[in-house]
1. Within the stretch 135-171, can you find the residues that are outside any helix (DSSP H, G or I) and loosely packed, with under 15 Cβ neighbours inside 10 Å?
2. Criterion first (assigned to a helix (DSSP H, G or I), crowded, with 17+ Cβ neighbours inside 10 Å and at pLDDT 95 or above) does residue 123 satisfy it?
3. When the stretch 172-190 is examined, which residues are found to be modelled with pLDDT of 95 or more and either part of a loop (DSSP other than H, G, I, E, B) or outside the structural domain of residue 133 (by TED's automatic domain parsing) (or both)?
4. Within the stretch 24-40, can one find any residue that is assigned to a loop (DSSP other than H, G, I, E, B) and surrounded by fewer than 13 Cβ atoms within 10 Å (Cβ to Cβ)?
5. Tell me whether the stretch 50-58 contains one or more residues that are at pLDDT 95 or above and farther than 30 Å from residue 123 by Cβ.
6. Scan the stretch 191-198 and tell me whether some residue there is out of contact with any helix residue (DSSP H, G or I) (no Cβ under 6 Å at 6 or more places or on another chain), over 23 Å from residue 74 (Cα atoms) and in a helix (DSSP H, G or I).
7. So if I check each of 91, 58, which one is surrounded by 15 or more Cβ atoms within 10 Å (Cβ to Cβ), in contact (Cβ under 8 Å) with a residue 40 or more places away in the chain and outside any loop (DSSP other than H, G, I, E, B)?
8. Got a sec? Which of 163, 147, 121 is in contact with a strand residue (DSSP E or B) (Cβ under 8 Å, 6 or more places away or on another chain) and touching a residue at least 40 places away in the same chain (Cβ under 8 Å)?
């Protein structure tokens, strides 16, 4: 962690903006509030980012770039395409579970408001390239007779959707008995083991199956 006196004004603005957008969404966020949280002059925000919209899109771009970088690292490995696909799923699981809750809140608010910025930033920079990688892996595994005849897009969306919901649900149940039951010590390993049991049993072909 950086010492406070070594953090740049741009980094302070980004941290404050993450908090403000998570709490209020794009429409409700105020540049004055971001400046106050960052302890910088409002003019400094416009110097770095020109507008609230450009600041918000920078936040989304940083989030999507980080996700794509990690997924790409897992997806370009050599070897069995099915094992590489499982590696991608495992990377998503660990990554999303480690996210700051504010990132999840920003994405939820963005989708709820219509997803216009998500469509502009995340679709071309994350969704399209990731789905292209995954489609190739699933089709290769299918051609090798390792998995059932499944739709690559639906398969990935259904798996990823479950992982995303698992992380989202923690926000509304925080502090409840349900949170204690689900997110107990060692929950991530247990969730991962359970997920892959279901995934492998439903996806992989057994001896004699066509």
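1. Let us first name the residues in the stretch 135-171 that are outside any helix (DSSP H, G or I), namely 144-151, 169.
Selection gives 144, 145, 148, 149, 151, 169.
2. Details: assigned to a helix (DSSP H, G or I): yes; crowded, with 17+ Cβ neighbours inside 10 Å: no; at pLDDT 95 or above: yes.
Against the criterion (assigned to a helix (DSSP H, G or I), crowded, with 17+ Cβ neighbours inside 10 Å and at pLDDT 95 or above), residue 123 does not qualify.
3. 176
4. Residues of the stretch 24-40 assigned to a loop (DSSP other than H, G, I, E, B): 29-30, 39-40.
Going one step further and asking which of them are surrounded by fewer than 13 Cβ atoms within 10 Å (Cβ to Cβ), we end up with 30, 39.
Scanning the stretch 24-40 turns up at least one residue that is assigned to a loop (DSSP other than H, G, I, E, B) and surrounded by fewer than 13 Cβ atoms within 10 Å (Cβ to Cβ).
5. The first filter runs over the stretch 50-58 and keeps only residues at pLDDT 95 or above, leaving 51-58.
From the residues that got through so far, the ones that are farther than 30 Å from residue 123 by Cβ too are none.
Looking for residues that are at pLDDT 95 or above and farther than 30 Å from residue 123 by Cβ, one finds none in the stretch 50-58, hence no.
6. Checked against the condition, which is being out of contact with any helix residue (DSSP H, G or I) (no Cβ under 6 Å at 6 or more places or on another chain), over 23 Å from residue 74 (Cα atoms) and in a helix (DSSP H, G or I), the stretch 191-198 yields no hits at all.
7. On the way: 91 fails: in contact (Cβ under 8 Å) with a residue 40 or more places away in the chain.
After ruling out the rest, the residue left standing is 58.
8. Numbers: 163 fails: in contact with a strand residue (DSSP E or B) (Cβ under 8 Å, 6 or more places away or on another chain); 121 fails: in contact with a strand residue (DSSP E or B) (Cβ under 8 Å, 6 or more places away or on another chain).
On inspection, the qualifying residue turns out to be 147.
The values are calculated or read from the model by the stated rules, or taken from the named source; none is laboratory data. On a predicted model such as this, the values are computed, not experimentally measured, just so you know. All Cβ positions, even for glycine, are placed from backbone atoms using ideal geometry, and neighbour counts span all protein chains on display.
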